[in-house]
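This report concerns only the one structure given below.
The numbers here are math on the coordinates, done by the rules we state, and not lab data. The structure displayed is predicted, hence computed values, not measured ones. Positions of Cβ are backbone-derived with ideal geometry, glycine not excepted, and every protein chain shown enters the neighbour counts.
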């Protein structure tokens, strides 16, 4: 019986194991995890009646991979759509006040987020010549070139803060936001490309006589609307369900010390843990973070290890706070707000969790989740709890008018949170993948390479399952 060992029981490793099991029912699959629980950064903690996501808050339906996985797991009827207000209203904190992000051309013209000069520069994007060379470019440089300084310093900065908690002047646009240069290359303009894509989807939907997209129902392939989804139980539900569907649950609390090829044995690989623990496999897949992959491969391939260690990670603190609803004067009528990092605030942004999904807070209470640190303010993550809570309270007083003390708080610190796709990342990843392919039966996955979202992870897991299956068939 062929065997595979997967190192890492986050969403990448678990969904890979599930997809492999679907392809090869008699395959022996072992999933090893360093922590004492599965899920990686995708997990929901339940405390004092509050449900706190320690990592992602949900996933979008602009790609189908995570929705498809949830439906295959039998969770389709338990999907929970983000509220209409959360889907419609997002805010930026600028110049001492919250400004709603425009969601129509009219609201864009009325918005105070950009000056009239900034608005005209953004509107002129469709008339600017496309770039002819394919050299890598930072997100900041791309947006400045296409849409102007204000769009880069306000919109791009806030967008990157919300997704990557990174520095747009360092992040590769081809790696972190590949759709932008793709639209420029194919349509000559991001605006033109977005408009053309929207028209094509509407035409496709009409041709198929589909029911128009409604909030609260998953979008079809031709209706991708960017709706956010989760579950009443939070994102731990698909994690727990995946563990239950595997023939054997993940082995938790395992620290792998060494990985080695065993060409003389029937199985090609041996993984050694602490003490006498060891596992053999025909193929191994590392879906743990890049720095862990580097540690595991250090003896076998120092050059590969060096490149893996070159993938930087930021530091993020998640500060969850519960308040009596009566103590929060703001209507919390949306998803939350972001603060462009150039403003040097003590929070990157605050999600209004109980306004996004129900069942996140007890009756009469609200749950807020502040993000702190990121690439440009890593020192905040190291502040002691009292200082961190004071800083967040000051930001909530300024932005939302909250004077009362929270009735609940919970702090999660991620020392290495989100991989940063810095300039040169596409070339680094290409080198890493080509180098790893020189070790037959070794596969690398996770969110360090081709996208950090849940959709990216589940999509890549499906592709990895296909590649591992092909290798096992070829090996016989």
Exercise. By DSSP, what percent of the beta bridges with both residues in the chain are antiparallel, rounded to the nearest 5?
Worked result: 75 percent
Seminar exercise, completed: Rounded to the nearest 10, the angle in degrees between the Cα long axis of helix 190-207 and the longest principal axis of the Cα atoms of the chain comes to 80 degrees
Problem set entry | Relative contact order (%) - the stretch 36-162, alpha-carbon pairs under 8 angstrom, separation at least six | 12 percent
Seminar exercise, completed: At q = 0.31 Å⁻¹, the log10 of I(q)/I(0) for the stretch 420-476 from a Debye sum over equal Cα scatterers comes to -1.25
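What FRET efficiency do you get for residue 261 and residue 390 if R0 is 60 Å and r is their Cβ-Cβ distance, rounded to the nearest 0.05?
Working: r = 53 Å, r/R0 = 0.88.
Using R0 = 60 Å, I get an efficiency of 0.70.
Could you line up 327, 36, 167, 385 from fewest to most neighbouring Cβ atoms inside 10 Å? Mind showing how you got there, number by number?
On the way: 327 15, 36 7, 167 20, 385 12.
Arranged by neighbour count, lowest to highest, 327, 36, 167, 385 become 36, 385, 327, 167.
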Exercise. How high is the relative contact order of the chain, in percent, counting Cα pairs under 8 Å that sit 6 or more residues apart?
Worked result: 25 percent
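Give me 41, 287, 161 sorted ascending by neighbouring Cβ count inside 10 Å, so fewest comes first. Kindly include the intermediate steps, with their values, before the conclusion.
Values: 41 21, 287 30, 161 26.
Ordered from fewest to most neighbouring Cβ atoms within 10 Å, 41, 287, 161 come out as 41, 161, 287.
Set the Förster radius R0 to 30 Å, insert the Cβ-Cβ distance between residue 306 and residue 135 as r into 1/(1 + (r/R0)^6), and round the FRET efficiency to 0.05.
Details: r = 24 Å, r/R0 = 0.79.
For R0 = 30 Å, the calculated efficiency reads 0.80.
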Problem set entry | Pairwise centroid distance, computed over Cα atoms, of the stretch 2-53 with the stretch 103-170, Å | 37 Å
Seminar exercise, completed: Ordering 72-84, 138-150 by per-residue average of other C-beta atoms within 10 angstrom, highest first, gives 138-150, 72-84
Exercise. How high is the relative contact order of the stretch 320-476, given as a whole-number percent (alpha carbon pairs under 8 Å, six or more residues apart)?
Worked result: 21 percent
Problem set entry | Sorted largest first, extent of the stretch 64-125 alpha carbons per principal axis (Å) | 51, 28, 18
Exercise. Can you give the Rg and Dmax of the stretch 4-108 based on its C-alpha atoms, in angstrom?
Worked result: 19.0, 61
Exercise. Among rounded, prolate and oblate, which fits the stretch 381-476 when a ≥ b ≥ c are the square roots of the eigenvalues of its C-alpha gyration tensor, a/c under 1.5 means rounded, and a/b larger than b/c means prolate?
Worked result: prolate
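Quick check on packing: order 389-395, 116-122 by the mean number of other C-beta atoms within 10 Å, highest mean leading. Walk me through the numbers on the way to the answer.
Details: 389-395: 18.1, 116-122: 15.1.
The packing order, highest mean first, is 389-395, 116-122.
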